[in-house]
Every structure is written in C-alpha cells, then in structure tokens.
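The values are calculated or read from the model by the stated rules, or taken from the named source; none is laboratory data. Owing to the predicted nature of the structure, the values given are computational and were not obtained by experimental measurement. As a convention, Cβ positions derive from the backbone with ideal geometry for all residues, glycine included, and neighbour counts pool all protein chains shown. Side chains included, ligands, DNA and RNA excluded: accessible areas come from the protein's heavy atoms. Shrake-Rupley method; radii C 1.70, N 1.55, O 1.52, S 1.80 Å.
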Amino acid sequence: MQRPTTRRTATRAALATLAAVVSACLVLVAAPGWAHVEIDPGTATQGEDAALGFRVPNETDSTSTTKVQVFLPQDHPLASVSVKPLAGWHTAVVTRKLDSPLSTDDGEVTESAYRITWTADDPEDTIQPGAYEDFEISVGPLPEVSSLTFKTLQTYSDGSVVRWIDPPAPAGQPEPEHPAPTLSLVPASADETAGAGTAGSPATDDGDGTATIALVLSMVAVLLGAGALAASLLRRRT
C-alpha cells in the first residue's frame, strides 16, 4: 500500500497542474479585446440611422491620448451626423460641400461632415495608459453598400500620431498593423437584429461576440481536460 505522504504529494501535483491551466485561462480572459480602435456595433442596417461608438485604447506605457480624429467616408457621404457630448473633451466638426446633393425626407443636403475631432480639455481628461474611451456619434441614413470605413488618427501627449487607416484585410489574410474601424452594412430584410444597435447608446459587446464565445468554449474544454488529467494522476498514484 502506498504511503499517505506519497498520496498527498500526488494530489498536490495534480492540483498544481490544474491551477496552472486555470491561471493560463484567466490570462487569456484578462487580455484586452480592444487592442485596436474599434467601432461598436460592428454591423448596422442599410437605409437606417445608427448610433456608433469609436472605442479608443491607449496602448502606450507612459503617454496619454490627447486627441482623436475620425474621418467620415466621402465616397458615400452621410446626410446626418451628430456628436454625443463627452465630459472633459471638446468637439469640432468639419463639413464639406457635396458634389451632388443628397435627397432626404427633410429635403436636399448640400454638405456633410468630413472630420470629427475630439480634444481633451485638461491633462486629467486624457486617455491614460491602459485605459480607453468611447467616442459616440449618430449617423444616417446609411447607404446601400456592404461597408463603411472610418479612418482614425490618435494623437499622444508626446506628439506622436497613430494612424488607424489600413484597409481591412481580405478573408484569411493577416490583420494589418493599424486597421481602420470598419462598419459592416446589411440589407434590412437580411438582418432582424441590427436594429438593437441602431438606437440609443452603442452596444456594450466587445465587437466580436463569436470570438468571445469560441474562447469561452475553448476554456471550458481545457478545464475539463485538466480535470480529467488530475483524476488520472490521482488514480495512477493510489
């Protein structure tokens, strides 16, 4: 018969293995899902208005984000653009005259927003290292195209500028270093749920619900496997 001390040692080894796996999973969960500037929600309905949020993270260790500039698509201009006030930041909207007026329910629109700039009022209002801020706008009606790209510039307190302007990568290709926030658009008849993200505040999802679910399922599978391993180790040592 195996000694109690040996059994306790085997138990500790099994538990240590399980703890290591759990810790690794927690690190994965804690890893930020907003490493790039992202638009939320990521999908909206063609022909509708939409409330959009630009989530801007600070990816540096020692400087803060002092200014954010979002450039609205000019190949498909938006007739209506409004900005939600953000405490501690002042906003400037630049418009451009349109080559061809847009027809809306309220008449023709001859100019549209081209650039929106948010600037922090004071140093304490800036985006600090490891933090993020949401910059929200309302736009519409959305054109009948598959997507809209909103190139974004992020200025730091040391004067450096990160240009989130890279076009989306084709399916199956690596993501560019600084992808521009992109809004996917679907026909109204093909999407019954996009309306949840077109009114009120932007959704609070991380912008990639499918990836989140996959990560959770993977973690569950790993934990189950670790439990089975621990049980197997205990059986072998008893």
Looking at 103, 138, 64 in this structure, which one is at negative phi and in contact with a helix residue (DSSP H, G or I) (Cβ under 8 Å, 6 or more places away or on another chain)?
64
Across the stretch 142-163, which residue is surrounded by the fewest Cβ atoms within 10 Å (Cβ to Cβ) among those that are of a type in the set (Val, Ile, Thr) and within 16 Å of the chain's Cα centre (by Cα)?
149
Could you tell me which numbered condition residue 114 fails, if it satisfies all but one of (1) over 23 Å from residue 85 (Cβ atoms); (2) not in a loop (DSSP other than H, G, I, E, B)?
(1)
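So, of the residues in the stretch 121-136 that are hydrophobic (A, V, I, L, M, F, W, C) and over 18 Å from residue 71 (Cβ atoms), which turns out to be surrounded by the fewest Cβ atoms within 10 Å (Cβ to Cβ)?
Applying the filter and picking the extreme gives 131.
Test of understanding: among 166, 191, which residue is surrounded by 15 or more Cβ atoms within 10 Å (Cβ to Cβ), over 20 Å from residue 89 (Cβ atoms), acidic (Asp, Glu) and modelled with pLDDT of 95 or more? I'd like the intermediate steps shown before the answer.
Values: 191 fails: modelled with pLDDT of 95 or more.
Exactly one residue qualifies, and that residue is 166.
Test of understanding: among 108, 133, which residue is out of contact with any Ser or Thr (no Cβ under 9 Å at 6 or more places or on another chain) and of a type in the set (D, E, K, R)?
Details: 133 fails: out of contact with any Ser or Thr (no Cβ under 9 Å at 6 or more places or on another chain).
Result of the check over 108, 133: 108.
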Could you please find all residues in the stretch 60-88 being under 22 Å from residue 122 (Cβ atoms) and free of Cβ contacts under 8 Å to residues at least 60 places away in the same chain?
83, 84, 85, 86, 87, 88
The stretch 107-122, residues that are at pLDDT 95 or above and farther than 22 Å from residue 94 by Cβ:
122
Would you confirm, using the coordinates I've provided, whether residue 139 is of a type in the set (A, V, I, L, M) and surrounded by fewer than 16 Cβ atoms within 10 Å (Cβ to Cβ)?
no
Which members of the stretch 70-88 meet the condition of being open to solvent by 60 Å² or more (accessible area, probe 1.4 Å), more than 20 Å from residue 48 (Cβ to Cβ) and not hydrophobic (A, V, I, L, M, F, W, C)?
74, 85
So residue 103 ticks every box in (1) in a strand (DSSP E or B); (2) among the polar types (S, T, N, Q); (3) at pLDDT 95 or above but one. Which box is left unticked?
(3)
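Keeping to the stretch 89-120, report how many residues are in contact (Cβ under 8 Å) with a residue 12 or more places away in the chain and open to solvent by 80 Å² or more (accessible area, probe 1.4 Å).
The total comes to 4.
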Going residue by residue through the stretch 53-62, is there one that turns out to be farther than 20 Å from residue 134 by Cα and touching a Ser or Thr at 6+ places or on another chain (Cβ under 6 Å)?
no
